[in-house]
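I have placed the structure first, in the form of structure tokens, so that the comments after it can refer back to it.
The values are calculated or read from the model by the stated rules, or taken from the named source; none is laboratory data. These numbers come from a predicted model, not from an experiment. Glycine gets a Cβ as well: all are built from the backbone with ideal geometry, and neighbour counts include every protein chain shown.
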Amino acid sequence: EDQVTQSPEALRLQEGESSSLNCSYTVSGLRGLFWYRQDPGKGPEFLFTLYSAGEEKEKERLKATLTKKESFLHITAPKPEDSATYLCAVQGGKLSFGAGTTVTVRA
Amino acid sequence: EAGVAQSPRYKIIEKRQSVAFWCNPISGHATLYWYQQILGQGPKLLIQFQNNGVVDDSQLPKDRFSAERLKGVDSTLKIQPAKLEDSAVYLCASSLSSRQDSPLHFGNGTRLTVT
């Protein structure tokens, strides 16, 4: 059975303090790894798709990377508006979501 | 483009009552999903439609949950009778393609509280 584990569960950052979120996974036949952002009271919003080890994608202060066993979401010089829960999902036979990392950025 | 629309936003019912949720996907999106998200967890797929046909309902508790997608557009998800453990946010999502790597576009969900 496919498994997705995200760490840490929660992350509190000072504005400008860069950090990384981890998504480790086991899947038979990875067809894609996705990152989503979820704000309180809202549905998840698509950020990136990664397909193969070594691939990187960037969007503003976010950069996602992928290895054979895990993905990282790097947040560079975060701002308070980057506060959200970040969800990782892997597509094997099914799409399986992790529980997310809740990021709080203080001004 | 207009996003995925869901209603109602909130619903409070007593256990053993019934409830229905409605979803209107993004125009032109053939694939529609219903997910259940329990507080502190990631979304869990309940059912996937391709047009008005069911692709995957393996995790749908069929003794109490039902879903339909008439005419391949709008969809409704029903719970009857509800249990306390059904308290969750029910998210509808759609995607343009049936390809497994096609990104999902989510609505803002219906928060269900069962007392």
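When you look at A:GLY93, is it farther than 21 Å from B:GLY40 by Cβ, surrounded by fewer than 16 Cβ atoms within 10 Å (Cβ to Cβ) and within 14 Å of chain B (Cβ to nearest Cβ), yes or no?
Answer is yes for this residue.
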Discussion item. If a residue must be in contact (Cβ under 8 Å) with a residue 60 or more places away in the chain, over 17 Å from A:LYS94 (Cα atoms) and more than 9 Å from chain A (Cβ to nearest Cβ), how many such residues does segment B:73-110 contain?
Written reply: 10
Worksheet item: How many residues, within segment A:41-89, are crowded, with 16+ Cβ neighbours inside 10 Å, more than 14 Å from chain B (Cβ to nearest Cβ), outside any strand (DSSP E or B) and without any contact (Cβ under 8 Å) to a residue 40 or more places away in the chain?
Response: 2
Worksheet item: What residue, of B:ILE26, B:ILE12, is touching a strand residue (DSSP E or B) at 6+ places or on another chain (Cβ under 6 Å) and surrounded by fewer than 13 Cβ atoms within 10 Å (Cβ to Cβ)?
Response: B:ILE12
Discussion item. I need the full set of residues from segment B:12-52 which are assigned to a loop (DSSP other than H, G, I, E, B), within 14 Å of chain A (Cβ to nearest Cβ) and free of Cβ contacts under 8 Å to residues at least 24 places away in the same chain, in order please.
Written reply: B:GLY40, B:GLN41, B:GLY42
Worksheet item: Just for segment B:80-115: of the residues that are under 23 Å from A:SER96 (Cβ atoms) and aliphatic (A, V, I, L, M), which one is nearest to the chain's Cα centre (by Cα)?
Response: B:LEU91
Discussion item. Pairs needed: first member in segment B:53-70, at pLDDT 95 or above; second member anywhere, of a type in the set (Asp, Glu) and not in a loop (DSSP other than H, G, I, E, B); C-beta distance under 9 Å; at least 6 residues apart or different chains.
Written reply: B:PRO61/B:ASP86; B:ARG64/B:ASP86; B:PHE65/B:ASP86
Worksheet, complete the sentence: Log entry, pairs with first residue in segment A:6-35 being among the basic types (Lys, Arg), second being crowded, with 18+ Cβ neighbours inside 10 Å and outside any loop (DSSP other than H, G, I, E, B), beta carbons closer than 6 Å, six or more apart or on different chains, reads A:ARG31/A:GLN91
Discussion item. Go through (1) in a loop (DSSP other than H, G, I, E, B); (2) under 14 Å from the mean Cα position of the chain (by Cα) for B:ASP63 and report which single condition fails.
Written reply: (2)
